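What follows is one structure encoded as structure tokens, with my remarks underneath.
The values are calculated or read from the model by the stated rules, or taken from the named source; none is laboratory data. Just so you know, these numbers come straight off a predicted model, no measurement behind them. Here the Cβ is made from the backbone with ideal geometry for all residues, glycine too, and neighbour counts use every protein chain on show.
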């Protein structure tokens, strides 16, 4: 007790007491800034809580989860027997994202290698700026491009009745995802220390040999992370997919079939449903599903990229 | 001994081959977009006039201009910035100046990555569930802007954090040695040296926010309104949603109209981004340490 009291004496004299106005302000700011820091966590939790609040009751009381994931009939506005099956919607999202990745992965990785390893000086800087600008075009504009430019082009080129289909949305989504993947992949290449390249070059390796044998293996995880983030992006894209897929519930058998995506379903139907109705809650249930999937993809990408930093 | 061997020549050839291949990939990535932009300009350019930018839509949105959508976008972006900039800067200051390298910081980072990665339509659902219904803001500029602010928060955080990290540690140490508190150091030394970097992030944020459509569809943006918004509790039109509406929801729209709207939106976004990039390049040239 007495030991605890001793510093008080000093404090009363005011000699060692640092707690002046500046000290209190410092403490206050530290608290405020901390609140800002944890806000991201609070928002993520908030997002989950609020979509779960609107959707979870329906999942527990009414929804047959097996049917939800295995039925291909999404007929929420059927008055007698509404069906909530998202299999066809998952197929729609997966087919479009899959095709987008077929387009985006080779191009973005190739572009990243060119920008990061071959190009130099002004060329490199200009290409980087260009890629950054490409990534900035809003998704609704991409959707409009799918609708007004790609649609007639596909009809004419392939002689099909409808140009709003997996092919259209896949290409649009690929073009959208590629710049982002290029930037991340280029960062991953940049993270490979220069001494790796110098060591290989000192052995007489050509530029390409250095890239192929040294840089790419060393950047493997970062590149995988870039691909994963691209997949996450494709999965969650809404407006472009809404406008370019044709929006018909359908399990596609060819790239010329129209499909409908999970995200687009919410965007198209949320405005027409009454708050609290089964249909409304079913849309929030899709939201929960999307949240979980993208959360897992982002977590995986983070773990993969982190792996490269440690190793 | 130093002659070019056959092997060397073959290696060189392979290298040239791949170099060309990858260059083609870059060009194929960029080319479609140039074609697209050219199409937007050719088809949308002629409709753009003073009247197009500064009058309201008429005849069931098949004629007239885009003024209410432009003003609505300015409202939405401004209110969103009022929330996301202070919050994002605070978060970045915490992460760069206070947080240790521990599990808690990792969780925050993960949350930021996820905030950027969650689909925009899920943000919209959150906006509806939280701001429109739970906090009873209704469909309003406030609800839409808050949704946008949360969605684009990572843009501000990442940019601010980078520019804070670029301020040399020695600057802080010198200030602490003079007896300044942490906050005094941040306010007088760290932030002034980072403010231009933060500004580039804010410009990027403006561009991102202006282009988003899904998050505002159900939280505050309306297809058509005969009046302009007067407070943050009103609904509003928005340029991005207007493009969606005139290109998919309204019958009998003349072909040039949606092209014109798209052109205005893209121009706005690209100007913002170019500004941000130019600013960044200029700062890099000016940097003395």
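Here residue B:179 clears all of (1) within 11 Å of another protein chain (Cβ to nearest Cβ); (2) free of Cβ contacts under 8 Å to residues at least 12 places away in the same chain; (3) at negative phi except the condition numbered (3). Against the test of being within 12 Å of another protein chain (Cβ to nearest Cβ) and without any contact (Cβ under 8 Å) to a residue 24 or more places away in the chain, the options A:205, A:200, A:240 yield a single qualifying residue, A:205.
Just one residue in the set A:288, A:255, A:292, A:266 is assigned to a loop (DSSP other than H, G, I, E, B) and within 25 Å of the chain's Cα centre (by Cα); that residue is A:255. Residue A:158 meets the conditions (1) crowded, with 23+ Cβ neighbours inside 10 Å; (2) out of contact with any strand residue (DSSP E or B) (no Cβ under 8 Å at 6 or more places or on another chain); (3) away from chain B (no Cβ under 13 Å) in every case but one. The failed one is (1). Residue check: residue A:119 meets all listed conditions (1) under 26 Å from the mean Cα position of the chain (by Cα); (2) within 30 Å of residue B:268 (Cα to Cα) but one, namely (1). Selection within segment A:122-153: residues that are more than 8 Å from every other protein chain (Cβ to nearest Cβ) and surrounded by 21 or more Cβ atoms within 10 Å (Cβ to Cβ). The member of this set that is nearest to the chain's Cα centre (by Cα) is A:142. Among all positions in segment B:280-287, there is at least one residue which is touching a helix residue (DSSP H, G or I) at 6+ places or on another chain (Cβ under 7 Å) and buried (at least 16 other Cβ atoms within 10 Å of the Cβ).
Every test in (1) within 28 Å of residue A:246 (Cα to Cα); (2) at pLDDT 90 or above; (3) more than 9 Å from chain A (Cβ to nearest Cβ) is passed by residue B:222 save one, and that test is (2). When you look at residue A:192, is it farther than 17 Å from residue A:260 by Cα, modelled with pLDDT of 90 or more and outside any helix (DSSP H, G or I), yes or no? Spelling it out, residue A:192 is indeed farther than 17 Å from residue A:260 by Cα, modelled with pLDDT of 90 or more and outside any helix (DSSP H, G or I). Of the listed requirements (1) more than 10 Å from chain B (Cβ to nearest Cβ); (2) under 26 Å from residue A:162 (Cα atoms); (3) part of a helix (DSSP H, G or I), residue A:248 misses just one: (3). On inspection, residue A:251 passes the criterion of being touching a strand residue (DSSP E or B) at 6+ places or on another chain (Cβ under 9 Å) and surrounded by fewer than 20 Cβ atoms within 10 Å (Cβ to Cβ). Only residues that are under 13 Å from residue A:255 (Cβ atoms) and buried (at least 24 other Cβ atoms within 10 Å of the Cβ) were counted in segment A:98-116, giving 1.
Taken over segment B:1-50, the residue count meeting the criterion of being farther than 30 Å from residue B:66 by Cβ and either touching a helix residue (DSSP H, G or I) at 6+ places or on another chain (Cβ under 9 Å) or part of a helix (DSSP H, G or I) (or both) is 25. No other residue among A:113, A:129, A:141 is without any contact (Cβ under 8 Å) to a residue 40 or more places away in the chain, under 21 Å from residue A:188 (Cβ atoms) and out of contact with any strand residue (DSSP E or B) (no Cβ under 7 Å at 6 or more places or on another chain) apart from A:129. Looking only at segment B:250-274, which residues are surrounded by fewer than 16 Cβ atoms within 10 Å (Cβ to Cβ) and either touching a residue at least 40 places away in the same chain (Cβ under 8 Å) or within 11 Å of chain A (Cβ to nearest Cβ) (or both)? If the condition is that a residue be surrounded by fewer than 16 Cβ atoms within 10 Å (Cβ to Cβ) and either touching a residue at least 40 places away in the same chain (Cβ under 8 Å) or within 11 Å of chain A (Cβ to nearest Cβ) (or both), then B:252, B:254, B:255, B:267, B:271 are the ones that fit.
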